[in-house]
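Enquirer: Okay, handing you the structure first.
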Amino acid sequence: MGSPHQPKRRVAFVLVDGVGDVSLPRFGYKTPLQAAKTPNLDAIASAGINGLMDPVEVGLGCGSDTAHLSLLGYDPRVYYKGRGAFESMGAGLAMSPGDIAFKSNFATIDEKSGIVTSRRADRHFEEEGPILCAALDRMKLPSYPGYEVRVRYATEHRCGVVVKGPKLSGNISGTDPLKDNRLLLQAEALDDTDEARHTAAVVNELSKEMSKILVSHPLNAKRAAEGKNIANIVLLRGCGIRIEVPSFEEKHGLWPCMVAPTKIIAGLGLSLDVDILEAPGATGDYRTLLTSKASAIAKALSAPLQSCPNVFVPGEDGLKPGRVDGYDFGFLHIKAIDDAGHDKASVFKVKGLEAVDQAIGQLAKLLWQAESTGNFQYFLCVTGDHSTPVEYGDHSFEPVPFAMCRLTDFVGAVGGESNIVATSLEPFPLPTIKADEDLEEDKIREESGHKQVKAFSGDSVCEYSEIAAARGCLGRFPGGEMMGVIKTFLKLKA
């Protein structure tokens with residue numbers, strides 16, 4: 001990118017999972033983004049270009065995996081092959097062509113009735129999950145001795161499961177009933193091929209054999225004695241094969257890296273040959289350290305060649321050093337806001353967005369320090385992969401705001417370099433919310449107040465929200481066009 005005399009143009013891309021929402025009566029009919037105090041997000045909007053983006057298409061509520069594929073320029077209708085491969089690869093399991101994989105939950109089943117009483121044995125399974133995964137890894141299937149089973153812990157109650165062997169098909173259903181207090185499902189072929197029927201039989205035996213191992217595991221005896229749910233079944237869903245696509249660098253001419261503790265997103269990145277950065281304390285849930293994520297991305301984007309020691313990619317038996325050639329595109333994924341939507345935690349979503357805003361300020365400061373050397377020119381881009389309205393508790397079809405600006409214009413929009421320099425780089429936890437806590441009336445963002453009244457540069461938008469973004473110069477556009485927008489902006493603003 002550029003000549004030796006021209007600063008390298010690099011993009012810090014922040015994806016706030018589930019960022020979009022709907023107007024809430026308790027917030028004066030504002031969305032959480034409108035109610036939150038987000039001066040840094042507002043500055044990005046004020047300093048650059050804005051629009052409303054449908055991650056895949058208008059009116060389609062989508063999963064994070066299909067949305068991310070679309071945003072990164074890969075049509076999910078062409079390339080999507082199930083989410084299991086993403087989860088498993090993100091958990092550290094290498095996949096070869098012909099392998100199948102599942103996004104899986106440790107769950108609780110009533111053995112007599114076959115009813116799954118809880119699809120999540122325990123949301124906080126960080127200590128016990130790896131132990132049970134180790135007991136299941138490389139397990140044998142009595143009727144299919146030629147097949148290899150690999151199991152690796154992911155996050156919370158989740159694990160990745162890969163099956164290796166001949167004549168496997170990704171075109172089967174899973175065993176997950178998708179809601180509590182429903183019967184465990186049997187895997188079934190979704191087409192009329194011998195491979196699909198054979199694969200369904202292999203997977204049904206896998207499910208039974210996993211349950212046998214878990215039922216007899218001493219960890220579950222301990223959980224039962226403590227009155228906790230036992231993890232006596234692994235629900236297998238999202239059967240998928242590894243997608244075969246052009247790499248992100250081949251497609252876009254930008255060398256990418258990613259911070260994504262959420263395994264399914266990391267696995268999707270690996271499928272596109274995106275290097276995964278380690279960020280200590282970044283967990284992909286409410287315990288995450290956003291500062292660590294911001295620091296990892298800033299370090300990667302400000303590093304010259306061969307100077308990123310914290311890059312690892314999953315190999316067959318764990319993590320191995322990744323290839324480093326100086327990154328042009330740093331992808332920072334933030335999951336907690338999506339979790340707030342799923343948990344219907346409206347106040348936490350507002351305060352979580354304020355924490356995200358704080359981390360973006362830290363990222364901007366670190367990048368500004370690097371840009372001041374004259375070696376780099378940075379661009380900030382913020383958007384979401386879908387809406388997760390707290391009223392619904394699930395993904396929905398509302399479009400999400402998109403904003404992108406030059407870092408130098410961002411600095412102007414926040415009031416100059418002195419304000420950037422004053423930003424604290426101290427790590428901070430996500431906020432904790434009391435059960436009956438609400439927002440104070442004077443803290444809900446007013447039509448004028450703490451935010452800028454007019455735009456600093458670019459179009460007329462001066463606030464980062466679903467409502468304000470509709471006035472942006474980009475209008476409303478599909479997610480498949482996003483990378484084109486980003487690359488065009490880089491060239492126009494060089």
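Enquirer: Give the residue that is farthest from Ala101 (Cα to Cα), with candidates limited to residues of the range 63-81 that are assigned to a loop (DSSP other than H, G, I, E, B) and open to solvent by less than 10 Å² (accessible area, probe 1.4 Å).
Expert: Leu72
Enquirer: Considering only residues of the range 89-127 that are of a type in the set (S, T, N, Q) and touching a Leu at 6+ places or on another chain (Cβ under 7 Å), which is surrounded by the most Cβ atoms within 10 Å (Cβ to Cβ)?
Expert: Ser104
Enquirer: Do we find that Ala35 is modelled with pLDDT of 95 or more and in contact with a Cys (Cβ under 8 Å, 6 or more places away or on another chain) in this structure? Outline the logic, then answer.
Expert: Working: modelled with pLDDT of 95 or more: yes; in contact with a Cys (Cβ under 8 Å, 6 or more places away or on another chain): no.
Spelling it out, it is not the case that Ala35 is modelled with pLDDT of 95 or more and in contact with a Cys (Cβ under 8 Å, 6 or more places away or on another chain).
Enquirer: Do we have Pro130 as open to solvent by 30 Å² or more (accessible area, probe 1.4 Å), out of contact with any helix residue (DSSP H, G or I) (no Cβ under 7 Å at 6 or more places or on another chain) and either more than 30 Å from Asp339 (Cβ to Cβ) or of a type in the set (D, E, K, R) (or both) here?
Expert: On the way: open to solvent by 30 Å² or more (accessible area, probe 1.4 Å): yes; out of contact with any helix residue (DSSP H, G or I) (no Cβ under 7 Å at 6 or more places or on another chain): yes; either more than 30 Å from Asp339 (Cβ to Cβ) or of a type in the set (D, E, K, R) (or both): no.
No: the conditions fail for Pro130.
Enquirer: Now for a different question. Mind counting the residues in the range 226-277 that are of a type in the set (D, E, K, R) and either assigned to a helix (DSSP H, G or I) or open to solvent by less than 20 Å² (accessible area, probe 1.4 Å) (or both)?
Expert: Of the residues in that region, 5 qualify.
Enquirer: Of the conditions (1) over 28 Å from Ala67 (Cα atoms); (2) within 26 Å of the chain's Cα centre (by Cα); (3) without any contact (Cβ under 8 Å) to a residue 60 or more places away in the chain, Lys112 clears all except one; give me its number.
Expert: With respect to (1) over 28 Å from Ala67 (Cα atoms); (2) within 26 Å of the chain's Cα centre (by Cα); (3) without any contact (Cβ under 8 Å) to a residue 60 or more places away in the chain, Lys112 is out only on (2).
Enquirer: May I pose another question? Quick one: what pairs do we get from the range 369-381, first residue over 24 Å from Ile334 (Cα atoms) and hydrophobic (A, V, I, L, M, F, W, C), second in a strand (DSSP E or B) and at pLDDT below 95, C-beta under 7 Å, 6+ apart or different chains?
Expert: Close Cβ pairs (under 7 Å, with a partner that is in a strand (DSSP E or B) and at pLDDT below 95) amount to Phe376/Lys8.
Enquirer: Does the range 188-197 contain any residue that is in contact with a helix residue (DSSP H, G or I) (Cβ under 7 Å, 6 or more places away or on another chain), in a loop (DSSP other than H, G, I, E, B) and either touching a residue at least 12 places away in the same chain (Cβ under 8 Å) or open to solvent by 10 Å² or more (accessible area, probe 1.4 Å) (or both)?
Expert: Looking through the range 188-197, at least one residue is in contact with a helix residue (DSSP H, G or I) (Cβ under 7 Å, 6 or more places away or on another chain), in a loop (DSSP other than H, G, I, E, B) and either touching a residue at least 12 places away in the same chain (Cβ under 8 Å) or open to solvent by 10 Å² or more (accessible area, probe 1.4 Å) (or both).
Enquirer: Could you check how many residues of the range 120-163 are at pLDDT 95 or above, assigned to a loop (DSSP other than H, G, I, E, B) and within 13 Å of Ser88 (Cβ to Cβ)?
Expert: 1
Enquirer: Further, regarding this structure: Take the residues in the range 364-397 that are under 16 Å from the mean Cα position of the chain (by Cα) and charged (D, E, K, R), then tell me which one is farthest from Thr262 (Cα to Cα).
Expert: Asp394
Enquirer: Checking the condition open to solvent by less than 30 Å² (accessible area, probe 1.4 Å), at pLDDT 90 or above, part of a loop (DSSP other than H, G, I, E, B) and farther than 26 Å from Lys335 by Cβ, which residue from Cys473, Cys462 passes?
Expert: On inspection, the qualifying residue turns out to be Cys462.
Enquirer: Follow-up question, since we're still on this one. Name the one entry in Leu41, Leu15 that is of a type outside the set (Val, Ile, Thr), part of a helix (DSSP H, G or I) and either surrounded by fewer than 23 Cβ atoms within 10 Å (Cβ to Cβ) or touching a strand residue (DSSP E or B) at 6+ places or on another chain (Cβ under 9 Å) (or both). Give the steps one after another, and end with the answer.
Expert: Numbers: Leu15 fails: part of a helix (DSSP H, G or I).
Sole residue among the options that is of a type outside the set (Val, Ile, Thr), part of a helix (DSSP H, G or I) and either surrounded by fewer than 23 Cβ atoms within 10 Å (Cβ to Cβ) or touching a strand residue (DSSP E or B) at 6+ places or on another chain (Cβ under 9 Å) (or both): Leu41.
Enquirer: Still on this structure: Say we look at the range 351-402 and pick out the residues that are open to solvent by 10 Å² or more (accessible area, probe 1.4 Å), part of a helix (DSSP H, G or I) and polar (S, T, N, Q); which of these is nearest to Gly326 (Cα to Cα)?
Expert: Gln369
Enquirer: If the Cβ limit is 8 Å and pairs must be 6+ apart or interchain, which residue in the range 145-172 that is without any contact (Cβ under 8 Å) to a residue 24 or more places away in the chain and open to solvent by 40 Å² or more (accessible area, probe 1.4 Å) pairs with which residue that is of a type outside the set (Phe, Trp, Tyr) and not in a loop (DSSP other than H, G, I, E, B)?
Expert: So the pair list comes out as Glu148/Val163; Glu148/Lys164.
Enquirer: It is to be established whether one or more residues within the range 280-299 are closer than 30 Å to Ser207 by Cβ, in contact with a strand residue (DSSP E or B) (Cβ under 9 Å, 6 or more places away or on another chain), modelled with pLDDT under 95 and not small (Gly, Ala, Ser). Talk me through it step by step, then tell me what you get.
Expert: Quick first cut of the range 280-299, residues closer than 30 Å to Ser207 by Cβ only: 283-285.
Restricting the remaining residues to those that are in contact with a strand residue (DSSP E or B) (Cβ under 9 Å, 6 or more places away or on another chain) gives 284.
When the remaining residues are screened for being modelled with pLDDT under 95, the result is 284.
Those left that are additionally not small (Gly, Ala, Ser): none.
Checked against the condition, which is being closer than 30 Å to Ser207 by Cβ, in contact with a strand residue (DSSP E or B) (Cβ under 9 Å, 6 or more places away or on another chain), modelled with pLDDT under 95 and not small (Gly, Ala, Ser), the range 280-299 yields no hits at all.
Enquirer: Can Phe86 be described as in contact with a Phe, Trp or Tyr (Cβ under 7 Å, 6 or more places away or on another chain) and surrounded by 21 or more Cβ atoms within 10 Å (Cβ to Cβ)?
Expert: It is false that Phe86 is in contact with a Phe, Trp or Tyr (Cβ under 7 Å, 6 or more places away or on another chain) and surrounded by 21 or more Cβ atoms within 10 Å (Cβ to Cβ).
The values are calculated or read from the model by the stated rules, or taken from the named source; none is laboratory data. Model, not experiment: these values are computed from the prediction. Methodologically, a virtual Cβ is constructed for each residue, glycine included, from the backbone with ideal geometry; neighbour enumeration extends over all protein chains shown. Side chains included, ligands, DNA and RNA excluded: accessible areas come from the protein's heavy atoms. Shrake-Rupley method; radii C 1.70, N 1.55, O 1.52, S 1.80 Å.
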